[in-house]
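Before any comments, here is the structure.
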């Protein structure tokens, strides 16, 4: 369990609050809008109405006591930038801030953010990848070079074992798990025979995954 300060309770902030609650974390939620604060009260440990660009207000929250400070202010980038900078000045251990444009990401990283989330860009890439090919069922970006794809079994692999296919050596990818009827099996052995009713979760470099699965 971690102690988290969540600043900005728009749609993204509210969704984050709900998921943090499900994960059992302690969350202090902050927004200047009373209605937004009231909406997240059932999902957080405590909440306050306040101006996060006010150093004294932030100081009163005991910034150094939080494991993570998350800034999801979406309607005013100047406020987001100032809040991010102030959090770091006040001793925040880790600041994660939201960006909506590439230039915002650069400014946030230069002014105190340890990490930047860019939801619109990230979901756009996922959507383009997921829905433009019929044989891809999910996609997780690991970094700029690597990803995990859930894909259907290539026709030439059906009826063969993972060991027989020698997938890691031939294709440079790793089969992490298989899925069938929504259930995941992480016990992947060389003797596992691939059938049409399975999908596989494959980890590797983009270029190798694209070449192997014709993405």
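The values are calculated or read from the model by the stated rules, or taken from the named source; none is laboratory data. Everything quoted here is computed from the prediction, not taken from an experiment. With ideal geometry, Cβ positions are generated from the backbone for all residues, glycine too; neighbour counts draw on all protein chains shown.
Number of residues in the range 57-79 that are part of a helix (DSSP H, G or I), within 25 Å of residue 18 (Cβ to Cβ) and free of Cβ contacts under 8 Å to residues at least 40 places away in the same chain equals 4.
Got a sec? Which of 82, 105 is within 18 Å of the chain's Cα centre (by Cα), assigned by TED's automatic domain parsing to the domain that holds residue 15 and not in a loop (DSSP other than H, G, I, E, B)? Break it down stepwise before answering.
On the way: 82 fails: within 18 Å of the chain's Cα centre (by Cα).
So the residue among 82, 105 that is within 18 Å of the chain's Cα centre (by Cα), assigned by TED's automatic domain parsing to the domain that holds residue 15 and not in a loop (DSSP other than H, G, I, E, B) is 105.
Of everything listed in (1) touching a strand residue (DSSP E or B) at 6+ places or on another chain (Cβ under 6 Å); (2) not in a loop (DSSP other than H, G, I, E, B), the single unmet condition for residue 18 is (1).
Condition check ((1) out of contact with any strand residue (DSSP E or B) (no Cβ under 9 Å at 6 or more places or on another chain); (2) outside the structural domain of residue 135 (by TED's automatic domain parsing); (3) at pLDDT 90 or above; (4) surrounded by 14 or more Cβ atoms within 10 Å (Cβ to Cβ)) across all residues:
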| site | (1), (2), (3), (4) |
| --- | --- |
| 147 | no, no, no, yes |
| 152 | no, no, yes, yes |
| 170 | yes, no, no, no |
| 178 | no, no, yes, yes |
| 188 | no, no, no, yes |
| 202 | no, no, yes, yes |
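Of the numbered criteria (1) out of contact with any strand residue (DSSP E or B) (no Cβ under 8 Å at 6 or more places or on another chain); (2) in a helix (DSSP H, G or I); (3) in contact (Cβ under 8 Å) with a residue 12 or more places away in the chain, the one residue 126 fails is (1).
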